[in-house]
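The values are calculated or read from the model by the stated rules, or taken from the named source; none is laboratory data. Please read these numbers as outputs of a predicted model, since none were measured by experiment. Glycine gets a Cβ as well: all are built from the backbone with ideal geometry, and neighbour counts include every protein chain shown.
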Amino acid sequence: MRYAYYPGCSLECTARAYDVSLRAVFQRLGHELVELDDWNCCGATAYMSVAETVALAVSARNLAIAQRTGLDVVAPCSACFTVLAKTQRILRDQPQLRAWVTEALGEAGLTLEQWVRVRHPLDVIVNDIGLEDVALRATHSLAGARVAPYYGCQIVRPERGFDDREVPMWMDRLFERLGAEVVEYPPKVRCCGGMLMTTQEGVGLRCTYDLLAQALDSGANVIVTTCPLCHINLEAYQGKIRRAFKRDVRIPVLYFTQLLGLALGGTAAELGFDLNLVPFDVPTGQLALEAVHG
């Protein structure tokens, strides 16, 4: 199958490992990502607090471009996924806002005449490709990986529909099927602190400390996440958290596509492991994964 790919700004920069590993995973699964031509920033959450109509028009421009492809849109960044889906919901429910946004799009020679299906790659992998097909294509077992699956607070709520809002399980089931041990991780949808790291750092550090500490207390040796902002908070602030809370919270944090890519036979280089700040060792200092198909 083919999907329109909206990488978003983070995957072009700080979340480059997410981009390269996602592309590698889809290629190995035999599905094609077609990057949207001339896409722009989704507006994230900040635009909405400044000028709602402008924010909706900025986001809707991407949807109008995607509409031309006739394909579902895959948006891996949690913020992008949320904003694109939210934009469609608002424009569908509020005719006046839709009229203003339609006028703005018209100035750029664009129209949004039909709704575009906005998908997260986890949804596509689980519900379009299927766990059994993924497992059949796996060349390596993830035995030795003790995974704390961290979904973050955006991709399953408030109106997503592809997993449970409070206790999502699809990432758990995916990695269990591939041989990993998925630890009990109750805070899997708690906020990491988000942009509080830049405005109220003490609060942000506390939020992230709780997530790291519970992962370690659960026996995890890796956290996997679906969100670029969650990833950078969980990984890049471990030094500050150690100094603030007097506890060593060092633990690798991977994008879920990086760990999935290993099971599919991807190399550390093609999956962006050189871009991670904390090395991932399973379980003895190297990526020790056992082949499952001969």
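Within region 205-224, is even one residue closer than 24 Å to residue 155 by Cβ, in contact with a strand residue (DSSP E or B) (Cβ under 7 Å, 6 or more places away or on another chain) and in a helix (DSSP H, G or I)?
Yes: region 205-224 contains one or more residues that are closer than 24 Å to residue 155 by Cβ, in contact with a strand residue (DSSP E or B) (Cβ under 7 Å, 6 or more places away or on another chain) and in a helix (DSSP H, G or I).
Considering 136, 142, which residue is over 23 Å from the mean Cα position of the chain (by Cα) and either assigned by TED's automatic domain parsing to the domain that holds residue 192 or at pLDDT 95 or above (or both)?
So the residue among 136, 142 that is over 23 Å from the mean Cα position of the chain (by Cα) and either assigned by TED's automatic domain parsing to the domain that holds residue 192 or at pLDDT 95 or above (or both) is 136.
Considering every residue within region 146-154, establish whether at least one is over 20 Å from residue 180 (Cβ atoms) and either modelled with pLDDT under 95 or surrounded by 17 or more Cβ atoms within 10 Å (Cβ to Cβ) (or both).
yes
Being touching a residue at least 40 places away in the same chain (Cβ under 8 Å), polar (S, T, N, Q) and farther than 30 Å from residue 133 by Cβ is true for just one of 233, 221. Which residue is that?
On inspection, the qualifying residue turns out to be 233.
Find the residue count for region 244-265, including only residues that are surrounded by fewer than 24 Cβ atoms within 10 Å (Cβ to Cβ) and not β-branched (Val, Ile, Thr). Let's see the steps before the verdict.
Filtering region 244-265 for residues surrounded by fewer than 24 Cβ atoms within 10 Å (Cβ to Cβ) gives 244-252, 264-265.
Narrowing the set further to residues that are not β-branched (Val, Ile, Thr) leaves 244-248, 250, 252, 264-265.
Residues flagged as surrounded by fewer than 24 Cβ atoms within 10 Å (Cβ to Cβ) and not β-branched (Val, Ile, Thr) within region 244-265 amount to 9.
For residue 89, all conditions in the list (1) within 26 Å of residue 268 (Cα to Cα); (2) in contact (Cβ under 8 Å) with a residue 60 or more places away in the chain; (3) surrounded by fewer than 23 Cβ atoms within 10 Å (Cβ to Cβ) hold save one; what is the number of the exception?
Exception for residue 89: condition (1).
Rundown of residues vs (1) without any contact (Cβ under 8 Å) to a residue 40 or more places away in the chain; (2) surrounded by fewer than 22 Cβ atoms within 10 Å (Cβ to Cβ); (3) part of a helix (DSSP H, G or I), yes/no style:
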{"site": "13", "(1), (2), (3)": "yes, yes, no"}
{"site": "34", "(1), (2), (3)": "yes, yes, no"}
{"site": "38", "(1), (2), (3)": "yes, yes, no"}
{"site": "56", "(1), (2), (3)": "no, no, yes"}
{"site": "59", "(1), (2), (3)": "yes, no, yes"}
{"site": "100", "(1), (2), (3)": "no, yes, yes"}
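Take the conditions part of a strand (DSSP E or B) and crowded, with 18+ Cβ neighbours inside 10 Å and apply them to residue 63. Does it pass? It would help to see each step written out before you state the result.
Values: part of a strand (DSSP E or B): no; crowded, with 18+ Cβ neighbours inside 10 Å: yes.
It is false that residue 63 is part of a strand (DSSP E or B) and crowded, with 18+ Cβ neighbours inside 10 Å.
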